[in-house]
1. State yes or no: is Asp56 under 27 Å from Arg159 (Cβ atoms), more than 13 Å from the chain's Cα centre (by Cα) and open to solvent by 20 Å² or more (accessible area, probe 1.4 Å)?
2. Which residue is least open to solvent (accessible area, probe 1.4 Å), if the candidates are limited to segment 69-81 and must be within 12 Å of His18 (Cβ to Cβ) and in a loop (DSSP other than H, G, I, E, B)?
3. Only residues that are modelled with pLDDT under 95, polar (S, T, N, Q) and open to solvent by 70 Å² or more (accessible area, probe 1.4 Å): list them for segment 1-39, please.
4. Among the listed residues Ile66, Ile43, which satisfies the condition of being within 23 Å of Ile140 (Cα to Cα) and in a helix (DSSP H, G or I)?
5. For segment 143-180, how many residues are open to solvent by 50 Å² or more (accessible area, probe 1.4 Å) and of a type outside the set (D, E, K, R)?
6. Looking at Tyr84, Tyr94, which is the one that is of a type in the set (Ser, Thr, Tyr), surrounded by 15 or more Cβ atoms within 10 Å (Cβ to Cβ) and closer than 19 Å to Val155 by Cα?
Amino acid sequence: MEETQATTPEDREAATDHALMQRIAGEDHQAFRQLVERHQNAIVGTVTKMLGNTSDSEDIAQQVFIRVWKHAKRYKPDNKFTTYLYTITRNLVYNETRRRSRKRTVSTDMREDDQHLQHPDDESAQPDATLLDSELRAAIDAAIASLPENQRLAVVLRRYDNLSYEEIAAVLNTSVPSVKSLLFRARKALRDSLAKYLEE
């Protein structure tokens with residue numbers, strides 16, 4: 001059977017990830033290092049935007065890639081590798097959120113750590129991010145952090161990681177209409193939270 005050729009840059013990226021995962025399944029450490037280098041900035045950035053703590057984010061991102069390594073033999077390229085990667089990230093982030101909730105550790109520390117949201121993944125930042133002053137960026141980060149879990153992740157994956165509705169639906173294990181509904185409600189909440197800035 002003839003292998004389908006990857007024609008778009010996105011297809012080629014996906015093909016590279018799948019090829020690396022095949023090698024990782026054979027315990028190829030060099031392939032694993034390449035895969036981590038390709039995706040670690042995006043994963044650290046996503047976790048940071050979800051949790052608001054840079055040191056925790058790096059730990060959780062490390063756990064994400066450890067799971068990729070441990071389960072590589074069971075990996076099936078049914079979807080894009082990034083969908084698989086963000087699904088693992090979602091599970092670990094949600095586990096951490098619940099752990100924090102149980103310990104009731106919501107404190108001023110998290111609000112202070114919000115300042116760190118400005119730097120983790122410059123590559124995935126929006127082009128106009130440098131035009132925003134630090135106060136507005138902090139307000140946006142705080143507004144996103146206040147969203148319910150699924151809404152927050154949908155916004156982060158859409159705005160910062162540029163995932164399609166279909167990919168976000170796969171990561172959240174829901175439908176495209178549900179993703180659109182989550183994003184609609186999230187954007188309304190963000191507009192309400194940032195009303196004073198929008199008026200200016």
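The values are calculated or read from the model by the stated rules, or taken from the named source; none is laboratory data. These numbers come from a predicted model, not from an experiment. Neighbour counts are summed over all protein chains in view; Cβ atoms, including those assigned to glycine, are modelled from backbone coordinates with ideal geometry. Areas reflect the complete protein model, heavy atoms only, side chains present, ligands, DNA and RNA absent. Shrake-Rupley method; radii C 1.70, N 1.55, O 1.52, S 1.80 Å.
1. Working: under 27 Å from Arg159 (Cβ atoms): yes; more than 13 Å from the chain's Cα centre (by Cα): yes; open to solvent by 20 Å² or more (accessible area, probe 1.4 Å): yes.
Taking the combined requirement at face value, the residue satisfies it.
2. Residues of segment 69-81 that are within 12 Å of His18 (Cβ to Cβ), as a first pass: 72, 75-81.
Those left that are additionally in a loop (DSSP other than H, G, I, E, B): 75-80.
Numbers: Tyr75: 31, Lys76: 136, Pro77: 81, Asp78: 121, Asn79: 92, Lys80: 60 Å².
Out of the qualifying residues, it is Tyr75.
3. Of everything in segment 1-39, those that are modelled with pLDDT under 95, polar (S, T, N, Q) and open to solvent by 70 Å² or more (accessible area, probe 1.4 Å) turn out to be Thr4, Gln5, Thr7.
4. On the way: Ile66 fails: within 23 Å of Ile140 (Cα to Cα).
Only one candidate passes the filter, namely Ile43.
5. From segment 143-180, those open to solvent by 50 Å² or more (accessible area, probe 1.4 Å) are 146, 148, 150, 158-159, 162, 165-166, 173-175, 177, 180; that's our starting set.
Okay, now just the ones that are also of a type outside the set (D, E, K, R), so 146, 148, 150, 162, 165, 173-175, 177.
Selection size over segment 143-180: 9.
6. On the way: Tyr94 fails: surrounded by 15 or more Cβ atoms within 10 Å (Cβ to Cβ).
Just a single option satisfies the conditions, and that option is Tyr84.
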